[in-house]
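The values are calculated or read from the model by the stated rules, or taken from the named source; none is laboratory data. Everything numeric in this text was worked out from a predicted model, so none of it was measured. Here Cβ is always computed from backbone atoms with ideal geometry, including for glycine, and neighbour counts include all displayed protein chains.
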Amino acid sequence: MPYSNPPEPRQYADRVCEIVRAIPSGRVMSYGQLARLIPPPVGVEPDSYLRLSPRWVGAAMANAPDDVPWQRVINSQGKISSRPGFGVVVQRKLLEQEGVVFDARERVDLSRYGWQPEAAWLRERGLLAWEDDTPRQATLF
DNA sequence: GTTGTGACATCGC
DNA sequence: CGCGATGCCACAA
């Protein structure tokens, strides 16, 4: 499994955190969804980017500053991804305090709690907001 | 130099 | 719908 890092990990993480900070309380985004808003760094092929970037987002969350609502990032199945030394219990509790409801299978209904930034907000920051959701070569990292 | 192991998504059964 | 395989890397100890 490709666990490579982005060309400029810090810069990439900053972009990720900027988006996560914008997620409203009580809403969630998936790692992949988040990644697809950020254009592939120069030198990274779009298909490689699709394959690798969700992990990069995860890595960014692992080292996120305290002001980043990391609990609002979950996986594409609507479930909390467990990490070593930090059970899913804490994250679930934080989300429930924000009003997020989990079903019997520990899943969140993404069609209900999923969130996506406004197109204008994304444009201002050089992020992607195309309908086809295809990552493009667009940024200078 | 080796080894272990990561906050994922997608596709085929 | 669930489960397993795939991707084939970087970095700390």
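Here are the numbers for the structure shown:
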read-out	value
Output for the range A:54-79, where each listed residue is within 7 Å of DNA strand B (Cβ to nearest atom) and part of a loop (DSSP other than H, G, I, E, B)	A:A64, A:N75, A:S76, A:Q77
Residue, surrounded by the most Cβ atoms within 10 Å (Cβ to Cβ), within the range A:7-37, restricted to residues that are modelled with pLDDT of 95 or more and not in a helix (DSSP H, G or I)	A:V28
The one condition in (1) in a helix (DSSP H, G or I); (2) within 7 Å of DNA strand B (Cβ to nearest atom); (3) under 19 Å from A:L128 (Cα atoms) that A:D47 fails to fulfil	(2)
Cross-chain or 6+ apart pairs with Cβ under 8 Å, the range A:22-44 first and in contact (Cβ under 8 Å) with a residue 60 or more places away in the chain, then assigned to a loop (DSSP other than H, G, I, E, B) and buried (at least 23 other Cβ atoms within 10 Å of the Cβ)	A:P41/A:P6
Residue list for the range A:95-118, restricted to those being away from DNA strand C (no atom under 16 Å from the Cβ) and either in contact with a Phe, Trp or Tyr (Cβ under 9 Å, 6 or more places away or on another chain) or among the acidic types (D, E) (or both)	A:L95, A:E96, A:E98, A:G99, A:V100, A:V101, A:E118
Test result for A:Q116, outside any helix (DSSP H, G or I) and among the polar types (S, T, N, Q)	yes
Enumeration of residues in the range A:1-16 that are without any contact (Cβ under 8 Å) to a residue 12 or more places away in the chain and acidic (D, E)	A:D14
Among the residues listed as A:V73, A:V108, the single one being modelled with pLDDT of 95 or more and under 22 Å from A:E8 (Cα atoms)	A:V73
Long-range neighbours under 6 Å by Cβ, at least six apart or interchain, first residue more than 10 Å from A:I19 (Cβ to Cβ) within the range A:116-135, second of a type in the set (S, T, Y) and at pLDDT 90 or above	A:P135/A:Y49
Qualifying residue in the range A:38-54 (condition: more than 21 Å from A:Q97 (Cα to Cα), of a type in the set (G, A, S), away from DNA strand C (no atom under 13 Å from the Cβ) and crowded, with 21+ Cβ neighbours inside 10 Å)	no
